[in-house]
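Engineer: This is the structure, below, for whatever I ask next.
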Amino acid sequence: MKRSPKGGDFASAINLSITPPPFSQQPTNVLILLHGLGDTNASFTKLGQQLNLPETACIAVQAPMPLPFDLGGFHWGDDMVFDQNTGEMDSDTGFKTSTTIVLDSIIRQGLIGKCGYKAREIIIYGFAQGGMVGLQAAAGLEGEELGGVVSIGGALSLSLPLKALDKKSRTPILVCKASKGSAVSDSATLKLKDAFEFVEIKEWKKNGDGMPSNREEMLPIMQFFSRRLRSTRGVPAGSVELT
């Protein structure tokens, strides 16, 4: 029997917040929200509230590793590597620990094992480094498909285990990228198509990856949600559910 997720369903070491569906609806779906490098889960807690998706509980997860020098934010990488020329932190330093948290602790043990959800009823939305973790978690879920992954400016990590490429994941993914200066390169797009059977790339006319800032940028994301979120009250008119 499926039930609403609670904080006690997950390891106490994981910092997360849970936003229930609007109007006291029962959550048919769960949306896992993963913030970007240097952020906290507070902004994505607010995002879940703003999305206000019907029959969907939102879980905003905080990355496990704090940034150095008391900067206040967190990151998802296994290590910290800084570019000697720019001083910026490398976003792709491997995500073994973070993938274990999202895939094993939250999805398999918590949502599926304790709360009774099916993998198909779970969607991940991640920004930049958080999107990379979401994609790696989906690629590592052998034999099952998630409801989907939305990655904003995040591609697959170079550290993705090769066995994840042996058989394409059936989890549908939507990757949104900037038309200029995106971290999602042409080669990264090819790798996504090697790892996933259903890949949708949406290019925004902007310089540098960033969160959606207007209705035009948000529209393909909401269309993806309308196709993939399940409803006990029927699928909205005009939407198409992939099976």
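Coordinate-derived values only; no laboratory data. In this text the structure is predicted, and so the values were computed from the model without any measurement. With ideal geometry, Cβ positions are generated from the backbone for all residues, glycine too; neighbour counts draw on all protein chains shown.
Engineer: Any chance you could list P(r) for the chain, counting all Cα-Cα pairs in 10 angstrom bins from zero, rounded to whole %?
Structural biologist: 8, 34, 39, 17, 2, 0
Engineer: Charges only on Cβ, +1 for Lys and Arg, -1 for Asp and Glu: so what's the dipole of the stretch 99-201 about the Cα centre, in debye to the nearest 20? Write down the numbers at each step before the final one.
Structural biologist: Values: 12 positive and 10 negative charges, 13 e Å.
For this selection, approximately 60 debye.
Engineer: Let me ask you something else. Could you state the principal axis extents of the C-alpha atoms in the stretch 108-183, from the largest down, to the nearest angstrom?
Structural biologist: 42, 24, 17
Engineer: A follow-up question, please. What do you get for trypsin sites (Lys or Arg not before Pro) in the stretch 160-213 restricted to DSSP loop and a cutoff of at most 16 other Cβ within 10 Å of the site's Cβ?
Structural biologist: Working: sites: Lys163, Lys167, Lys168, Arg170, Lys177, Lys180, Lys191, Lys193, Lys202, Lys205, Lys206; in loops: Lys167, Lys168, Arg170.
Sites meeting the loop and neighbour criteria: Lys167, Lys168, Arg170.
Engineer: Tell me, Leu135, Leu37 in order of fewest to most beta-carbon neighbours within 10 Å?
Structural biologist: Listed from fewest to most nearby Cβ atoms, that is Leu37, Leu135.
Engineer: At most 16 other C-beta atoms within 10 Å and a DSSP loop state: those are the exposed GluC sites (Glu not before Pro) I care about. Give me the longest piece of the chain that has none. All intermediate terms of the calculation are to be shown ahead of the outcome.
Structural biologist: Details: sites that count: Glu88, Glu142, Glu144, Glu197, Glu241.
With a cap of 16 other Cβ atoms within 10 Å, the longest stretch comes to 1-87.
Engineer: Additional query: Using a Gaussian network model of the chain whose springs link C-alpha atoms within less than 10 Å, name the residue from Asn52, Asn207, Asn15 with the highest mean-square fluctuation.
Structural biologist: For the chain, modelled as a Gaussian network with Cα springs under 10 Å, the answer is Asn207.
Engineer: Projecting each Cα onto the charge dipole of the chain (Lys/Arg +1, Asp/Glu -1 at the beta carbon, about the Cα centre), which of Thr97, Pro20, His75 comes out farthest on the positive side?
Structural biologist: The one lying farthest along the dipole's positive direction is Pro20.
Engineer: In percent, how large is the relative contact order of the chain, given Cα pairs closer than 8 Å and 6 or more residues apart? List each step's numbers first, then the result.
Structural biologist: On the way: 515 pairs, mean separation 37.9, N = 243.
Contact order relative to length: 16 percent.
Engineer: Just tell me which aspartates and glutamates come within less than 19 Å, Cα to Cα, of Lys118; anything on the same chain fewer than 8 places away is out.
Structural biologist: Of all the aspartates and glutamates, those that pass the test against Lys118 - Cα under 19 Å, at least 8 places apart if same chain - are Asp9, Glu55, Asp104, Glu142, Glu144, Glu145, Glu241.
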